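Quick notes on the structure that follows.
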Amino acid sequence: MTTEKQMCGGWSTEALVTEEVKKICIKEKPLIEKETGADFKGYIPLIFRHQTVAGDNYLVKVYVGVNKCVHALIFQALPCNGGGLTVTRVQYPKTASDPLVPFEVKH
């Protein structure tokens with residue numbers, strides 16, 4: 001996480017992925033591929049934004065090929081609720097220069 005103070009429920013600024021976020025992205029790669037209908041040969045988490053809600057939302061930009069990225073919104077439940085991960089939504093294809101902007105969750 002960044003050391004900058006974050007408003008409760010608000011999104012952090014962009015930061016380089018941490019080891020924790022990298023592990024989350026790699027664990028969720030099969031679901032992200034399923035959502036996009038793609039088989040990513042390259043898969044490098046680059047930057048992320050974080051939001052604390054009744055758990056944690058991670059919005060991650062993942063490099064997946066020549067100037068192609070996927071933006072993945074991943075929710076991690078609180079430990080008292082099992083701590084499970086859910087790929088909430090993905091946006092693909094994106095370019096490396098596309099900003100990492102929080103997006104609406106599909107219901």
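FYI, it's all coordinate maths here, none of it is from the lab. Since we're looking at a predicted model, the values are computed, not measured. Note that each Cβ is placed from the backbone with ideal geometry, even for glycine, and that neighbours are counted across all protein chains shown.
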Summed residue charge, Cβ within 11 Å of LEU100's Cβ, Lys/Arg positive, Asp/Glu negative: +1
Hydrodynamic radius of the chain per Kirkwood, over alpha carbon pairs, in Å: 14.0
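Ranking SER97, SER12 by Cβ neighbours within 10 Å, fewest first, what do you get?
Working: SER97 7, SER12 18.
Going from sparsest to densest Cβ surroundings: SER97, SER12.
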Set of aspartates and glutamates near LYS68 by C-alpha distance (under 19 Å), chain-local residues within fewer than 8 positions excluded: GLU14, GLU28, GLU33, GLU35, ASP39, ASP98
Of the trypsin sites (Lys or Arg not before Pro) in the range 1-93, those whose Cβ has at most 10 other Cβ within 10 Å and which sit in DSSP loop: LYS5, LYS41
